[in-house]
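These notes concern the structure reproduced below.
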Amino acid sequence: DVSSSNLIPHKHRRAMGTCFSVCVHRRPGLSFIDKVANVGVSFLLPLGTIGKPGASYEENLNRLKHCRKKAAGMMPGIYEKSVKDKWKVSEVLVPRSEALGGDVKVLLHVPMSEHSDLPLVVWIHGGGTTLNECRDNYGADVFNAVSATMETTAKFCWASVEYHLAPEKRFPQGVDDVCHAFEALRAPGLAEAHGYDTWKIHLAGVSAGAFYAAHAGVRLAKSGVQLASLGLLYVMGDPLMVGKSHRLHGDLPMCPGSWLAWSWRVLLAEGGPEAGDGPPSAERLRAGSVFFLDWAALRGTPVLNALASCDMLYDDGLSLGKVMREAGLEVEEFCAMGSHAMAHLFDTAAADKLFGWFRRALAT
């Protein structure tokens with residue numbers, strides 16, 4: 001006898017399994033539309049195939065390349081539609097020697113109307129440190145929403161940073177990239193040409209972007225650079241991944257646990273890409289964690305810590321909030337009801353808090 005399951009191709013059985021897991025599993029706070037969005041992500045970007053037990057480094061690299069190719073076929077087009085008729089976009093190539101990582105690309109977005117001396121948000125995209133680019137529709141959608149809630153026509157500018165991805169480059173190369181871009185954007189000539197104020201530069205990111213924003217924000221503050229604010233959305237915080245939320249929500253396609261664990265390994269492994277995905281040393285694990293940063297350097301800087309109730313990174317964000325408050329920071333924190341990075345899309349009250357925080361920070 002031939003079972004009916006054998007008549008269904010493997011990739012379709014896997015997708016059906018994901019659909020069943022996401023839609024049937026009872027998760028308090030995960031709305032039906034959030035579940036549907038997660039199922040859609042599993043079909044469009046199968047990150048959950050990366051980092052599975054028994055897969056070789058080469059197999060995982062090939063799966064990552066497949067996901068990168070799919071993302072590259074979707075995201076830039078969505079980004080272009082998001083910024084069209086809303087922002088004037090200029091590409092800025094920040095020079096740097098090859099020995100330090102090469103030039104850093106930044107996309108500067110300025111309002112369509114005449115403006116000067118506006119605040120600037122330096123935005124860091126997400127993607128587990130292994131995926132995505134500066135043409136980031138997520139950031140565009142956030143800033144479109146923030147702009148829509150503000151009264152004036154010319155409100156603010158934002159800059160999206162293209163940082164090096166793992167495993168091609170390892171930690172702390174991405175932090176170096178963000179710091180280099182931030183410092184370059186403080187140049188008076190560049191600021192005057194694009195109509196923003198060098199004393200009003202903010203730093204924000206989502207997921208892996210929040211991880212890099214945290215590291216870069218502390219490093220910049222310790223070097224004497226004053227941030228206007230620091231916004232951390234659904235932060236990827238600690239490579240140990242020991243929180244309860246990792247076990248509860250690590251199967252959701254928006255941020256699959258197997259992919260994230262593998263991303264941490266290739267980010268923190270010592271050496272170049274040839275180092276593979278072996279376990280990082282205790283020293284590298286500590287260096288990568290945002291829990292051990294010198295947060296006191298950012299005292300006086302407004303900080304946002306946005307969490308999601310059904311996010312495997314929820315415990316990371318919760319612990320980070322405690323660490324920052326213990327260091328003397330004033331942290332505005334809220335938890336949206338839903339999954340990683342998308343929760344505020346389905347939680348109106350949380351969206352109001354998110355966009356309201358940006359609006360108040362930019363008005364300071």
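The values are calculated or read from the model by the stated rules, or taken from the named source; none is laboratory data. Since this is a predicted model, take the numbers as computed values, not measurements. Using ideal geometry, Cβ is built from the backbone for each residue, glycine included, and neighbour counts are taken over all protein chains shown. In case anyone asks, the SASA skips ligands and DNA or RNA and just uses the protein heavy atoms, side chains included. Shrake-Rupley method; radii C 1.70, N 1.55, O 1.52, S 1.80 Å.
The residues of the range 173-302 expose on average 36 square angstrom of accessible surface per residue, using a 1.4 Å probe on protein heavy atoms. Each Lys or Arg adds one and each Asp or Glu subtracts one; over the other residues with Cβ under 15 Å from the Cβ of PHE291, this totals -2.
Among the GluC sites (Glu not before Pro) in the range 73-176, those placed in a DSSP loop whose Cβ has at most 11 other Cβ atoms within 10 Å are GLU114, GLU151, GLU168. Once the convex hull of all Cα atoms in the range 115-258 is built, its volume per residue stands at 125 Å³. Quick one: Debye curve from the alpha-carbon atoms of the range 218-364 only, equal weights, vacuum; give me log10 I(q)/I(0) at q = 0.17 Å⁻¹ to two decimals. So the normalised log intensities are -1.03. Diagonalising the gyration tensor over the Cα atoms of the chain and scaling each eigenvalue by 5 before taking the square root yields semi-axes of 33, 23, 21 Å, largest first. Derived value for the range 268-349: Kirkwood hydrodynamic radius 14.7 Å. Basis is the mean of 1/r over every pair of different alpha-carbon atoms. Please return the longest stretch of the chain lacking exposed loop sites, where trypsin sites (Lys or Arg not before Pro) count only if DSSP places them in a loop and at most 10 other Cβ atoms lie within 10 Å. Excluding the exposed sites themselves, the longest stretch runs over 85-364. Semi-axes of the equivalent ellipsoid of the range 120-173 are 28, 10, 7 Å, computed as sqrt(5λ) over the eigenvalues of the C-alpha gyration tensor in descending order.
Modelled spin-label separation between ASN62 and GLU274, with each label point placed 7 Å from Cα along the Cα-to-Cβ direction: 2.2 nm.
Apply the a/c threshold of 1.5 to the C-alpha gyration tensor of the range 67-139 and tell me whether it is rounded, prolate or oblate. In terms of gyration-tensor shape, oblate. When the chain is treated as a GNM with alpha-carbon contacts under 10 Å, the residue of HIS215, HIS115, HIS125 showing the greatest mean-square fluctuation is HIS115. Surface composition of the chain: carbon and sulfur make up 56 percent of the accessible area, probe 1.4 Å. Give the value in nm², to one decimal: projected area of the alpha carbon convex hull of the range 156-205, averaged over all directions. If I average the Cα hull's projected area over directions, I get 3.7 nm². On the principal axes of its alpha carbon atoms, the range 98-147 extends 39, 23, 14 Å, with the longest extent given first. Reported to the nearest whole Å, the Cα centre-to-centre distance from the range 221-263 to the range 85-125 is 25. Sparsely packed loop sites in the range 255-364 (the GluC sites (Glu not before Pro) outside DSSP H, G, I, E and B with at most 12 other Cβ atoms within 10 Å) comprise GLU270, GLU330.
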